[in-house]
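Q: Sending over a structure as structure tokens; questions will come in a sec.
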Amino acid sequence: SCDATQLCNCSSMGLDFIPPGLTAKITVLNLAHNRIKHIRSQDLQQAVNLRALLLQSNKISSIDMDSFHSLGKLELLDLSNNSLARLSPVWFGHLVSLQQLHLQGNSYRDLGKSSPFSSLRNLSFLHLGNPWFSRIRQGNFEGIAVLDKLWIDGSNLSQYEPGSLKSIEKINHVIINIRSVNVFSAIVRDLLHSVTWLEVREIAFSIPAEVQLLRVMSSSFAKQISFKQTLLTDGTVPEIVSILEEMPKLVEVEMTDCRLLGTGRWGIQIQANQSQTVRVLTIEKLSIEEFYLFTDLHGVEGLLSLLTKVTVVNTKVFLVPCSLSKHLQSLEYLDLSANLLGDQSLEHSACQGGWPSLQTLNLSQNSLSDLKMTGKSLSHLRNLTLLDISQNNFGEIPDVCEWPKNLKYLNLSSTQIPKLTTCIPPTLEVLDVSANNLREFGLQLPFLKELYLAKNQLKTLPGAAPIPNLVAMSVRRNKLNSFSREELESFKKMELLDASDNNFICSCEFLSFIHHQAGIAQVLVGWPDKYVCDSPLAVRGAQVGAVHLSLMECHRSLVVLLICALVFLVVLILVVVGYKYHAVWYLRMTWAWLQAKRKPKRAPPKDICYDAFVSYSENDSDWVENVMVRELEQACPPFRLCLHKRDFVPGKWIVDNIIDSIEKSHKTLFVLSEHFVQSEWCKYELDFSHFRLFDENNDAAILVLLEPIQSKAIPKRFCKLRKIMNTKTYLEWPLEEQQQAMFW
């Protein structure tokens with residue numbers, strides 16, 4: 001299970017213990033998702049060079065004290081999602097190089113009376129906690145001076161001794177899953193001057209009194225605060241905002257996947273004590289059940305003038321009030337993607353005087369449908385250089401549009417545009433029109449440096465003259481099948497051309513041509529994504545002279561034609577052989593036999609309707625119907641015969657009629673003649689009767705030889721007839737009248 005780098009992947013192999021035979025060569029050992037319950041002293045004794053040990057998602061409940069003693073070079077240990085009921089400092093005593101430790105998802109209720117991590121001087125990442133984790137004591141984190149990331153899953157954490165985390169001098173990022181506001185307040189008090197980024201999850205701020213417990217946060221030196229899966233209300237939002245305003249070093253506030261119970265009608269007016277440090281506000285997937293009743297946020301307008309980056313994504317924003325936009329005087333980056341903005345609401349949101357410093361605007365995945373109106377609404381934004389309006393539904397676009405004068409980057413991918421027009425601004429340096437079903441590109445864009453045309457219907461490269469400064473172009477997943485030397489040479493400044501996933505006809509000449517193309521540093525042609533051609537051309541790292549393409553790669557059309565001809569020839573031979581040896585007969589008989597085998601072997605006595613089913617050739621019908629039937633059905637007592645002309649059910653499949661008639665008859669009477677052995681249906685009837693004869697081991701078949709049959713005249717497929725005639729007594733119809741009475 002080990003590769004060349006000595007990474008051994010033994011995950012999901014159903015192991016009950018750590019496999020023996022581990023050597024000093026192993027650097028990474030993945031034993032995740034097995035059934036290991038116990039780690040023994042000798043299991044890892046020889047793996048002295050191990051750097052990463054992954055034991056997550058097992059059933060580990062016990063570890064010998066010296067199990068990890070030989071792992072002095074171990075940097076990552078994952079014991080998450082096991083059944084450890086306690087943590088022992090002895091386990092980690094010799095892990096002097098350990099940097100990452102995952103202990104979450106076990107069953108311990110606390111960390112013990114001392115610190116399990118006192119020997120881990122190089123630890124930078126620690127993840128602990130579980131649904132039963134309820135207590136943190138003073139001294140539990142002794143020995144840890146600096147952490148890059150501390151993650152505590154404490155959804156049921158109810159006891160926290162003040163000062164427990166104070167021993168850690170610096171933590172870059174703290175994540176706390178917690179529900180108790182009281183415990184959270186005590187933790188924050190210990191982290192006031194040590195944490196840079198504080199992230200709190202799954203907590204509910206329902207009433208203002210609870211938020212007051214967090215007033216201590218106003219003294220925190222944290223630069224970033226994140227709320228994830230957090231509950232807020234109209235009553236608690238003003239309190240939280242006022243706390244954040246007072247934090248002296250806070251730069252970024254983030255809310256992800258949170259819920260707001262309210263409509264923005266905050267009972268306590270937010271004081272306009274604007275934070276002088278907050279510059280970044282990110283809101284993603286904020287759930288406001290009554291979002292259509294939300295207010296215009298005029299109460300927070302005074303807090304926004306210093307924000308430089310605002311992201312409000314997937315939050316059902318359908319309008320940014322004009323007055324709010326005008327207060328965003330310093331805003332340089334605005335992301336409103338995956339919302340409900342329409343053409344009219346955008347015009348109101350981007351009103352005159354709004355967003356005066358904006359440089360980057362993302363409006364992708366909204367409800368915009370009029371490109372001309374979109375451009376006009378944004379035309380007054382003099383500093384706007386990057387605009388993303390992808391994944392809207394513009395459709396047909398006009399010939400003339402207004403745009404911001406300094407627009408350099410425009411993303412129009414996946415916007416249902418069938419044809420590009422001069423509506424596209426000529427100032428662009430980067431244009432993305434991927435996934436639009438375009439069939440041609442002929443725009444005059446003198447400053448364009450990057451052009452993205454992937455997932456369209458282009459059959460030829462765009463002309464170079466209208467885009468003389470082009471440096472990079474992507475035409476992936478179009479319908480190109482070739483391009484000429486002149487086409488490539490016309491792009492004087494081209495450095496990268498990605499034309500992979502097209503319909504190129506691969507040939508050795510084409511590869512040589514790509515190799516000698518002028519000026520382009522890298523060309524991706526791919527069949528698909530198979531060859532990376534650079535200067536000098538490399539095909540999977542080999543020079544052109546060393547490349548030996550297969551017949552399929554150099555002559556695909558010819559190979560396909562030969563394969564089709566070969567397949568046709570094979571099919572033709574099979575048809576001829578099948579016809580000669582009656583393959584169709586055997587296939588049809590197999591199907592009918594399978595159908596018959598599903599039915600009960602013997603019909604119930606109440607279902608027996610006939611004394612005999614008569615199987616005969618149509619050419620012998622005169623003797624059967626005028627001689628035999630008349631004789632037997634007028635006998636005393638009379639026999640009841642089943643004849644296909646008279647007794648088969650109309651509309652029913654013939655094979656089903658045959659099978660049913662044989663099953664509903666005591667006997668099957670075969671009138672044999674040379675006409676009989678030439679009849680397909682007679683053979684069916686004989687075969688079905690033969691199945692019954694041998695399946696039930698009875699004497700259901702009676703053979704009447706109407707005329708002598710030469711053995712050469714019996715086809716090979718009537719092998720069963722030969723067998724029955726050799727094993728069963730049969731009657732011969734005598735031509736002399738005096739012997740016919742004996743026959744009857």
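Q: Can you name the residue in segment 337-378 that is in a helix (DSSP H, G or I) and touching a residue at least 40 places away in the same chain (Cβ under 8 Å) and, of all such residues, is most open to solvent (accessible area, probe 1.4 Å)?
A: Selected residue: LYS372.
Q: Right, here's the next one. Scanning segment 691-713 for residues that are open to solvent by 10 Å² or more (accessible area, probe 1.4 Å) and closer than 13 Å to SER615 by Cα, which turns out modelled with the lowest pLDDT?
A: ALA701
Q: Here is a further query. Could you list, in sequence order, all residues of segment 167-180 that are open to solvent by 10 Å² or more (accessible area, probe 1.4 Å) and either touching a helix residue (DSSP H, G or I) at 6+ places or on another chain (Cβ under 6 Å) or under 26 Å from ASN122 (Cβ atoms) (or both)?
A: The answer is SER167, GLU169, LYS170, ASN172, HIS173, ASN177.
Q: Any idea how many residues of segment 238-265 are more than 25 Å from ASP153 (Cα to Cα) and open to solvent by less than 40 Å² (accessible area, probe 1.4 Å)?
A: Final tally of qualifying residues: 9.
Q: Does segment 132-140 contain any residue that is open to solvent by 30 Å² or more (accessible area, probe 1.4 Å), touching a Pro at 6+ places or on another chain (Cβ under 7 Å) and not β-branched (Val, Ile, Thr)?
A: No, because not a single residue in segment 132-140 is open to solvent by 30 Å² or more (accessible area, probe 1.4 Å), touching a Pro at 6+ places or on another chain (Cβ under 7 Å) and not β-branched (Val, Ile, Thr).
Q: Name every residue in segment 146-166 that is under 24 Å from SER226 (Cβ atoms), small (Gly, Ala, Ser) and open to solvent by less than 60 Å² (accessible area, probe 1.4 Å), in order of residue number.
A: Hits for segment 146-166 are GLY154, SER155, SER164.
Q: Moving to a separate point now. Quick test of your reading of the structure: LEU381 fulfils all but one of (1) part of a loop (DSSP other than H, G, I, E, B); (2) open to solvent by less than 30 Å² (accessible area, probe 1.4 Å); (3) closer than 25 Å to PRO462 by Cα. Name the failing condition by number.
A: (3)
Q: Being at pLDDT 85 or above and aromatic (Phe, Trp, Tyr) is true for just one of PHE676, PHE688, PHE639. Which residue is that?
A: Selected residue: PHE639, the only one of PHE676, PHE688, PHE639 that is at pLDDT 85 or above and aromatic (Phe, Trp, Tyr).
Q: I'm trying to understand the selection: among the residues of segment 73-101, which are open to solvent by 30 Å² or more (accessible area, probe 1.4 Å) and either aromatic (Phe, Trp, Tyr) or closer than 19 Å to GLY129 by Cβ (or both)?
A: Listed by number, the residues that qualify are LEU76, ASN81, SER83, ALA85, ARG86, PRO89, GLN100.
Q: Taking segment 46-65, which residues are surrounded by 16 or more Cβ atoms within 10 Å (Cβ to Cβ), over 16 Å from VAL28 (Cβ atoms) and out of contact with any Lys or Arg (no Cβ under 7 Å at 6 or more places or on another chain)?
A: Matches in segment 46-65: SER57, ILE63.
Q: Identify, by number, the condition in (1) open to solvent by 50 Å² or more (accessible area, probe 1.4 Å); (2) assigned to a loop (DSSP other than H, G, I, E, B) that GLU486 doesn't meet.
A: Here GLU486 clears every test but (2).
Q: Name, by its number, the condition in (1) assigned to a loop (DSSP other than H, G, I, E, B); (2) open to solvent by 10 Å² or more (accessible area, probe 1.4 Å) that does not hold for LEU324.
A: So the condition that LEU324 fails would be (1).
Q: A follow-up question, please. Can you tell me how many residues in segment 579-625 are at pLDDT 85 or above and more than 19 Å from ASP656 (Cβ to Cβ)?
A: Residues in segment 579-625 being at pLDDT 85 or above and more than 19 Å from ASP656 (Cβ to Cβ): 12 in total.
Q: Another question about this same structure. On the basis of being open to solvent by 30 Å² or more (accessible area, probe 1.4 Å) and more than 30 Å from SER97 (Cα to Cα), does GLU210 make the cut?
A: Yes.
The values are calculated or read from the model by the stated rules, or taken from the named source; none is laboratory data. If you're wondering where the values come from, they're calculated on a predicted model, not measured in any experiment. In this analysis, Cβ positions are derived from the backbone assuming ideal geometry, glycine residues included, and neighbour counts consider all displayed protein chains. Please note that ligands, DNA and RNA were not included when accessible areas were found on the heavy atoms of the full protein model with its side chains. Shrake-Rupley method; radii C 1.70, N 1.55, O 1.52, S 1.80 Å.
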